[in-house]
Amino acid sequence: MQVFRECHRVIYFFLILLTCFWGSSCQNKKESATTTNEPETPSIVALTKTTYKLGDTISIQLSQPLTQVAVRVDSNSASILQQTNDQLRVRSADQKLGMHQLIISGTTANKVSFSDTLGVEFWSDVTPTTLAYSVLKTYPHDSTSFTQGLEFYRGNLYESTGLNGKSKLMQVDLSTGAIRQSVPLPEQYFGEGITIVNDKIYQLTWTSGVCFRYSMKFTLEKTLTYHTQGWGLTHNESTLILSDGTNRLYFLTPDFQPKGSVSVYDDKGPVVNLNELEYVNGYVFANVWQTNRIVQIDMASGKVVGNLNMDGHLPKGVNTQINVLNGIAFQPTEKAFYVTGKNWPTLYKLNVKLPPALGKPGSIAL
Ligand SMILES: [Ca+2]
């Protein structure tokens, strides 16, 4: 036993020696690498901040004077408003919201050509209007329905619910909340948003990358795939509109081929967690997950133009921190919005007073 201990000590001592030798060798390598490094070239351009509202002037700091310069935002040339020896001032208007590359290229006074790329993010230049509304009526809603999608089609109300093993597609009786027709999803799928186009019902799933398409008789006809998470779904005349929990809305053909996307911002930054959706007349209304806020998004630009706050009209006895507001359906003949939440006992019919400039009078201005 004693011999074994001594052996251990010798091995331990040898390991310490080896470690010291290795460490010293590494240290030398490090020092050697440091001494042979080329000195870093100082950056010619720099930004003091990287986020701007559209219309803001972007100030680019220069470390040396330039004799020639051009600025692009991605592949589009940008207007230079002012140039001094130590600063460029560039116009940010007429750009899309979101993350972009600011590419500055030119020649310094020392005749050195350069091209540098900086990252910038453009926020909305619009301060959203507070959307006033009144509750016209309340209806019963099944408090076991974990609502993920809500839409009217030809006067009937359709709902999609989530959770694995509990997800369903349903047609619901508006006046009683009773289920008229339903089809369950297999247990591995977590149901999400729905929308109905040309008598085809589309139902998203959360993380499976699969959308089920049904006939109006709830017969599964087709399975479509997509590459993001699935949260909310709605459509306009020609395009499906999908949210994935980020601040992005994705546009898709009825066969789920990508048609582009838009980033959603207000004047305070990206509006993330976009959940259940409802398209109405050029705008997408979206529940913001884990809030009592519904945002009105200009679909063309991604700018949030209106905020509807449901804080004052939440169902009593429901923990709305967990069972959050989710579900917006627009009833076009009544020009009314119907909203509910996950496991809420109530469905609210709302008269939303959209400002004329935003609501386009004669369409949904109420
Ligand atoms: Ca909806």
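The values are calculated or read from the model by the stated rules, or taken from the named source; none is laboratory data. Treat the numbers as computed from the prediction; the structure is a model and nothing was measured. Cβ sites come from the backbone with ideal geometry, for glycine too, and all protein chains shown count toward neighbours.
Some values worked out for this structure:
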{"read-out": "Lys222 vs. criteria more than 26 Å from Val295 (Cα to Cα) and either within 16 Å of the ligand (Cβ to nearest atom) or part of a strand (DSSP E or B) (or both)", "value": "yes"}
{"read-out": "Selection count where residues are of a type outside the set (Val, Ile, Thr), in a strand (DSSP E or B) and either modelled with pLDDT under 95 or over 19 Å from the mean Cα position of the chain (by Cα) (or both), scope the range 192-202", "value": "2"}
{"read-out": "The range 43-57 - residue that is touching a Leu at 6+ places or on another chain (Cβ under 7 Å) and outside any loop (DSSP other than H, G, I, E, B) and, of those, surrounded by the fewest Cβ atoms within 10 Å (Cβ to Cβ)", "value": "Thr57"}
{"read-out": "Boolean, Thr51 is farther than 17 Å from Val120 by Cα and either at pLDDT 95 or above or among the polar types (S, T, N, Q) (or both)", "value": "no"}
{"read-out": "Members of the range 225-252 found to be more than 14 Å from the ligand (Cβ to nearest atom), in a loop (DSSP other than H, G, I, E, B) and farther than 18 Å from Val280 by Cβ, listed by number", "value": "Tyr226, His227, Thr228, Gln229, Asp244, Gly245, Thr246, Asn247"}
{"read-out": "When residues of the range 153-171 are limited to those that are part of a strand (DSSP E or B) and among the hydrophobic types (A, V, I, L, M, F, W, C), the one surrounded by the fewest Cβ atoms within 10 Å (Cβ to Cβ)", "value": "Leu157"}
{"read-out": "Residue list for the range 210-258, filter: surrounded by 13 or more Cβ atoms within 10 Å (Cβ to Cβ), free of Cβ contacts under 8 Å to residues at least 60 places away in the same chain and of a type in the set (Ser, Thr, Tyr)", "value": "Tyr214, Tyr226, Thr228, Thr239, Ser243, Thr246, Tyr250"}
{"read-out": "Members of the range 138-148 found to be assigned to a strand (DSSP E or B) and crowded, with 17+ Cβ neighbours inside 10 Å, listed by number", "value": "Tyr139, Thr147, Gln148"}
{"read-out": "Only listed residue being among the aliphatic types (A, V, I, L, M), more than 15 Å from the ligand (Cβ to nearest atom) and touching a Leu at 6+ places or on another chain (Cβ under 8 Å), chosen from Val172, Val210", "value": "Val210"}
{"read-out": "Residues satisfying the stated conditions in the range 335-355, i.e. within 16 Å of the ligand (Cβ to nearest atom) and on the phi > 0 side of the Ramachandran plot", "value": "Lys335"}
{"read-out": "Any hit, the range 233-247, residues being within 20 Å of Thr127 (Cα to Cα) and either in contact with a helix residue (DSSP H, G or I) (Cβ under 7 Å, 6 or more places away or on another chain) or in the same structural domain as Glu159 (by TED's automatic domain parsing) (or both)", "value": "yes"}
{"read-out": "Any strands (runs of 3 or more DSSP E) falling wholly within the range 292-334 and containing at least 2 residues that are within 16 Å of the ligand (Cβ to nearest atom)", "value": "293-298, 325-331"}
